[in-house]
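The values are calculated or read from the model by the stated rules, or taken from the named source; none is laboratory data. The shown structure was predicted, so the numbers you read here are calculated from the model rather than taken from an experiment. Here the Cβ positions follow ideal geometry from the backbone for every residue, glycine too, while neighbour counts run over all protein chains shown.
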Amino acid sequence: MAANASTQPRVLFQTSEKVEEETSQRKLGKLTVKYNRKDLQRRLDIEEWIDGQLHLLYDCEEEEIPELEIDIDDLIELPGEEQRAKLQELLQECSKPKEDFINGLLYRIKGVRKMSASQRK
């Protein structure tokens, strides 16, 4: 009887687990297209540059840097002189010259596209 059962056609039902897995795979494929890898890498490079420069500006370890949030998207939304003013405001506690940092950051964010809130998560 076992040999007989293996030669007969079988019907397989797809479980909801497989459906969810396929759906998430399709979404993952869509995300790959939605996020431009070059843009994400450029942002990461800018953020790493900011981090390194803040260490130099404040001449201290990461734990000792004052609580600063330099939001690239917020800066992108502002006109040129307001970007500069915002950065000067954020860095007001820094006693070292900040102009090179500000100029460098403003140069690096030129051409960076704003990310939507859903892309930042």
- Query: In the range 29-46, is there at least one residue being modelled with pLDDT of 70 or more and not in a helix (DSSP H, G or I)?
  - Reply: yes
- Go through the range 69-84 and count every residue that is surrounded by 10 or more Cβ atoms within 10 Å (Cβ to Cβ) and more than 24 Å from the chain's Cα centre (by Cα). 0
- Message: Give me the helices (runs of 4 or more DSSP H) completely within the range 69-118, filtered to those with at least 3 residues that are touching a Leu at 6+ places or on another chain (Cβ under 9 Å), ordered by residue number.
- Response: 80-90, 99-109
